[in-house]
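Please treat every number below as a calculation from the coordinates, not as lab data. Please read these numbers as outputs of a predicted model, since none were measured by experiment. All Cβ positions, even for glycine, are placed from backbone atoms using ideal geometry, and neighbour counts span all protein chains on display.
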Amino acid sequence: MNIALFSDTYPPEINGVATSTFNLRKTLVAHGHNVIVVTTNPFSKHVTFQEGILRIPGIKLKALYGYMASMFYNKKAMSILKDFHPEVVHCQTDAGIGIFGGLVASKFHIGSVYTFHTMIEDYTYYVTKGHFDRFARHAVRFYFRGKSNSYTEFIAPSDKIKDYLRSIGIDTTVSVIPTGVEFSRFDPINENKEETLSLKNKYDIKEDEYVLLSLG
C-alpha cells in the first residue's frame, strides 16, 4: 500500500510526535508498504525529496521551541504526491502540514486517518496566559468536532484520549492504538559498553554499580 504520513515535526526534531511518526514509518516499511513522509524543512528554503522524506519549507517559530510552520499547500509537493499515488493519508498534526494532508486526501478521493497525539486543551494556557482560557478550550473542542467530519477514522493512543474525544462530541470511528516503543534499543545485546563506561565515569559511578533510571 502507498501510505502518505503528514507531520509538522519529524527528526532531527526531538519530541513525541516526531519520534512516533519516525517509528511508524520504519514499521510500515518493514511490513512492505511504500511510505512517504511529508513534513517541514528546517534545512532549506526549497522543497526537497530524499529517501522518502518530502520536506516543505516554512518559518521558524521561536516562541515554540524553534519548530517550523509550513503553509497548508505547496504546488511542487502536490505534484510529487500525485506521482506517488497515495492510497491513504495519515495525519499526525493539525498545523500547516496536517491541513495539507487533508487537502491531499480530498483531492485524490482517498481515505484519511488522524492520530490525536496531544491534549491540545492542556496547552491553551500557554497561548492565552490565563485570559479567555475557557473560551480557548471551547474553541479547541469546536475545531476538532468539525475536523472529525473530514477524516475516515481517528486513532487514539489510549482509552483516556478516546473517552475525551467522545466527551466533546466526536462520533467518528475511534480506534485505540498505543504509540509503539522500539524495544530493540533497550536490548542488552545492543549495549555499547564503551559508551556506558564513559557515562559512568562522567557521573562518578562505579563500573559495577547498579543504576536504576526512571523516565516519565
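Numerical summary
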item: Distance violations [Cα-Cα > 22 Å] among 75/107; 45/75; 45/107; result: 45/107
item: Surrounding net charge for residue 195, when Lys and Arg each add one and Asp and Glu each subtract one, Cβ distance under 14 Å; result: +1
item: Sites residue 167 and residue 118 - FRET efficiency at Förster radius 22 Å, r taken between beta-carbons, to 0.05; result: 0.85
item: Cα long-axis angle, helix 75-84 against the chain (0 to 90 degrees, to the nearest 10); result: 80 degrees
item: Relative contact order (%) - the chain, alpha-carbon pairs under 8 angstrom, separation at least six; result: 16 percent
item: Pair residue 128, residue 103: separation of 7 Å Cα→Cβ label points (nm); result: 3.0 nm
item: Paramagnetic reach from residue 152 (point 7 Å along Cα→Cβ, amide N under 19 Å) across segment 76-104; result: 81-93, 98-104
item: Helix-only [θ]222 nm of the chain, DSSP H runs n ≥ 4, -39500 (n - 2.57) each, per residue, nearest 500; result: -11000 deg cm²/dmol
item: Point-to-point label distance, residue 196-residue 211, nm (Cα→Cβ direction, 7 Å offset); result: 1.0 nm
item: For segment 41-120: Kirkwood Rh in Å [reciprocal of mean 1/r, alpha carbons]; result: 13.4 Å
item: Whichever aspartates and glutamates have a C-alpha closer than 12 Å to that of residue 147, once near sequence neighbours (fewer than 8 apart) are set aside; result: 94, 171
item: In segment 83-175, trypsin sites (Lys or Arg not before Pro) in a DSSP loop with at most 16 other beta-carbon atoms within 10 Å; result: 129
item: Kirkwood Rh in Å, taken over the chain so that all alpha-carbon pairs contribute; result: 19.3 Å
item: Whole-Å distance, taken between Cα centres, linking segment 105-184 and segment 28-78; result: 21 Å
item: DSSP-defined antiparallel bridges as percent of all bridges, segment 2-183, nearest 5; result: 25 percent
